[in-house]
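Read the figures in this text as sums done on the coordinates, not as results from a lab. All figures in this text were calculated on a predicted structure; none of them were measured in a lab. Note: ideal-geometry Cβ built from the backbone for every residue, glycine included; neighbour counts use all protein chains shown.
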Amino acid sequence: MFNIEPVALLNTQVVLAENSMENIMETARIPEELNESRLSSLINFISNDPLLAGRLTVQERYYLLLNYFILSNSPFSSTGDCSEYFLPTDIASVPNQVQMQTAYITHLYGNHAVLLEKQCENAYDWLCGQMALQCFGDLSFLLDYNNEDKSLWVWEKVTATDQQALSDAVNHRYGLIKKLTPDEFTRLTNMFYEGCDQLAHFVELSLDNKGIALVNQEGDTGDGADRNARFCAFDNLSEVIKNLARCVMEGCNQSDGTRQNEHE
C-alpha cells in the first residue's frame, strides 16, 4: 500500500492508492491507441473518484500519472526520471482563463482530451480541436477585414461534459477554422499559444500525430535528441502484465467486450 502525502493540484488534493490487477485488466479493455481514455481509467481507479479524471486539466492528469510512477518505484518502469518533465508551478498564480483582447482561452480538460483522441488523425486536427474547445469570446478581430464570417466567430465558453455536446462544438468550430486563410490561422494560433503559456502548470504539453506529449524541462542537450515524450498508463508495469493486458485488449476487439457462455 502507498503511504504518502496528498498530491496538490490546482483546486484539490489527491491521495493516490496503489492499483490492483483487477483494475489494470479493466483498463486494458480500452484500445491501446486511446491513451487519454486509458489514463482516465487509471486516474479514476488510483484516486477512488470515478469522475475526477474528466474534471482535471490535461496537465494535472499527466502530473498525477508521473507522480504515480515515481511513488510506485517499479523496477520495470520504462519512464526514467519523470521529474525531468515537471514544470515549477506556483499553484496560486495559475489562472482559470486568460483574456487576449476580446477573446479568452481556458484550460484543456480531461473530457476534452478523451474526445479529441477519438476524432483527431494528426497534429493539425489536435491543434484545431484544442482551439475549438479552449477559445471563446469574440475572436473576430483575428479575421481579415473582408471576411464575411465575423459573426460566426463569437463563441460561447464550452462548459459541457457530455461527449456528444463537446463533439458538436468541436465539429462546428473546426469547420470555421479550416476555412481561415494562412494569415488568419497564424494569428489564431499565435494568440492561442500565447494564452496557453500564461495557463501553464505542472508539465509542458506538446502535440504530435498520436496526441499529447510532454516536454523535458532539462533543456536541449545538443545531441539532437527529441525532448518530447509520450507517457502511457501501463509504462510502469512488467512485461508479463503488459502482455496479459494486450491479450485482454485483443480479446475485447474480437468480441463485443462481454464474456461468452463458456458452456455452450
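A few points about this structure:
- Per the Debye formula on identical point scatterers at the alpha carbon atoms of the stretch 95-199, with no solvent, log10 I(q)/I(0) at q = 0.11, 0.16, 0.17, 0.21 Å⁻¹ is -0.30, -0.65, -0.74, -1.16.
- Exposure proxy shown here: for MET131, MET100, MET25, the number of other Cβ atoms within 10 Å sets the order, fewest to most, as MET25, MET100, MET131.
- For the stretch 1-117, the Stokes-Einstein estimate of translational diffusion at 37 °C and a viscosity of 0.692 mPa s comes to 212 µm²/s, using the Kirkwood hydrodynamic radius over alpha-carbon pairs.
- Computed from label points 7 Å out along Cα-Cβ, the spacing between THR186 and THR161 is 4.1 nm.
- GNM remark for the chain: springs join alpha carbons under 10 Å apart, and the peak mean-square fluctuation among GLN13, GLN130, GLN217 falls on GLN13.
- Selected from ASN243, ASN209, ILE43, residue furthest toward positive end of dipole (the chain; charges at beta carbon): ILE43
- Cβ-defined net charge surrounding VAL154, 12 Å radius [Lys, Arg +1; Asp, Glu -1]: 0
- The magnitude of the dipole of the stretch 95-199, with charges of +1 and -1 set on the Cβ of Lys/Arg and Asp/Glu and taken from the Cα centre, is near 100 debye.
- Virtual spin-label span in nm between THR102 and LEU176, 7 Å along Cα→Cβ: 1.2 nm
- By the equivalent-ellipsoid construction on the alpha carbon gyration tensor, the chain comes out with semi-axes of 34, 23, 17 Å, ordered largest to smallest.
- Loop-resident GluC sites (Glu not before Pro) (DSSP state other than H, G, I, E or B) in the stretch 83-176 with no more than 15 further Cβ atoms inside 10 Å of their Cβ: GLU121, GLU148, GLU156.
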